[in-house]
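We did not get these values from a lab; they are worked out from the coordinates using the rules stated. All figures in this text were calculated on a predicted structure; none of them were measured in a lab. Here the Cβ positions follow ideal geometry from the backbone for every residue, glycine too, while neighbour counts run over all protein chains shown.
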Amino acid sequence: EAGVAQSPRYKIIEKRQSVAFWCNPISGHATLYWYQQILGQGPKLLIQFQNNGVVDDSQLPKDRFSAERLKGVDSTLKIQPAKLEDSAVYLCASSLGRDAKLNTEAFFGQGTRLTVV
Amino acid sequence: QKEVEQDPGPLSVPEGAIVSLNCTYSNSAFQYFMWYRQYSRKGPELLMYTYSSGNKEDGRFTAQVDKSSKYISLFIRDSQPSDSATYLCAMRFSGSARQLTFGSGTQLTVLP
């Protein structure tokens, strides 16, 4: 089974520039998450999609971050304009869906390491 | 106060040692408890999954949840150098939302 695919793996940009990350979840997974992991910290949820609808974006800095999941499959996360504190690994994860009885949890991609200079 | 507290380590043990990793949490509504392993420059990988209180064993790994104390543990028996990684505890509420709240991770090194 193919895992969660993310690209690019690494990105270096200057502050105030824009950047976009792409994620392709595991086939058949209805739920997709974007997490931000700052060095030395655990991942923090930015946004959760169920199919192509947003379930939770309460921790997404909406003045600069945006995300979409068109057609309920691939997703992109964009930052515009970037700040120094956005330097982090951006992890995409996916899971099967709503049924809480299913013993399935989130599977993570390798992440995109963003450095803002 | 963070919702999930985890000792960041680093923790260094000799090969074959028993490792104990722990997290405490403040929200009693958490129902599902996970341990993820994260190798350097990789995404987190699900290791153990437990619902509510109790123990769960999988090979050399044992997960314990004590909801009355809001305390979870992961034990690794006969630790191997390949176990060297950062271990993240994570938890979530019941229901369809399923988003995880993570601890900050404990960095473990098993020395050969």
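For the residues A:GLY42, A:GLY72, A:GLY53, a GNM of chain A with alpha-carbon springs under 10 Å puts the largest fluctuation on A:GLY42.
Paramagnetic label reach from A:GLN59 (point 7 Å along Cα→Cβ; backbone nitrogen cut-off under 17 Å): within segment B:65-89, residues B:88-89.
Label-to-label distance, B:SER94 versus A:ALA2, with points set 7 angstrom from Cα along the beta-carbon direction: 3.7 nm. From the Cα gyration tensor of chain A, with a ≥ b ≥ c the square roots of its eigenvalues, which class applies: rounded if a/c is under 1.5, or else prolate if a/b is larger than b/c, or else oblate? Here chain A falls in the prolate category.
Dipole of chain B computed with +1 at Lys/Arg Cβ and -1 at Asp/Glu Cβ about the Cα centre; of B:GLY9, B:THR62, B:PRO44, farthest Cα towards the positive end is B:PRO44. In this structure, the residue pairs whose Cα-Cα separation is over 29 Å, taken from A:LYS11/B:LYS56; A:LYS15/A:LYS71; B:LYS2/B:LYS56, are A:LYS11/B:LYS56; A:LYS15/A:LYS71.
Averaged over the residues of peptide B:43-50, the number of Cβ atoms from other protein chains lying within 10 Å of each residue's Cβ is 5. Between the amide H of A:ASN51 and those of A:THR31, A:LEU32, distances stay under 5 Å, these residues lying 5 or more places away or on another chain, with hydrogens modeled in the peptide plane. Across every direction, the projection of the convex hull enclosing the Cα atoms of chain B has a mean area of 6.9 nm².
Considering only B:ARG60, B:ARG98, B:ARG41, the Gaussian network model of chain B with Cα springs below 10 Å gives its largest mean-square fluctuation to B:ARG41. With no solvent and one equal point scatterer placed on each C-alpha of segment B:1-54, evaluate the Debye formula and give log10 I(q)/I(0) for q = 0.29 Å⁻¹, two decimals. The computed values of log10 I(q)/I(0) come out as -1.31. Taking 22 Å as R0, compute the FRET efficiency from the Cβ-Cβ separation of B:LEU46 and B:LEU111 and round it to 0.05. So, using R0 = 22 Å, E works out to roughly 0.30. Applying the Karplus relation 6.51 cos²θ - 1.76 cosθ + 1.60 with θ = phi - 60° to segment B:101-112 yields 3J(HN,Hα) values of 10, 9, x, 7, x, 10, 8, 10, 10, 9, 8, x Hz, where x marks Gly and Pro. For the pair A:GLU85 and A:THR115 in one chain, pulling the backbone fully straight at 0.36 nm per residue adds 9.9 nm over the alpha carbon distance. In units of the rule-of-thumb radius 2.2 N^0.38 Å, segment A:42-92 shows an alpha carbon radius of gyration of 1.14.
Under the convention that each Lys and Arg Cβ holds +1 and each Asp and Glu Cβ holds -1, the size of the dipole of the protein assembly as shown around its Cα centre is about 560 debye.
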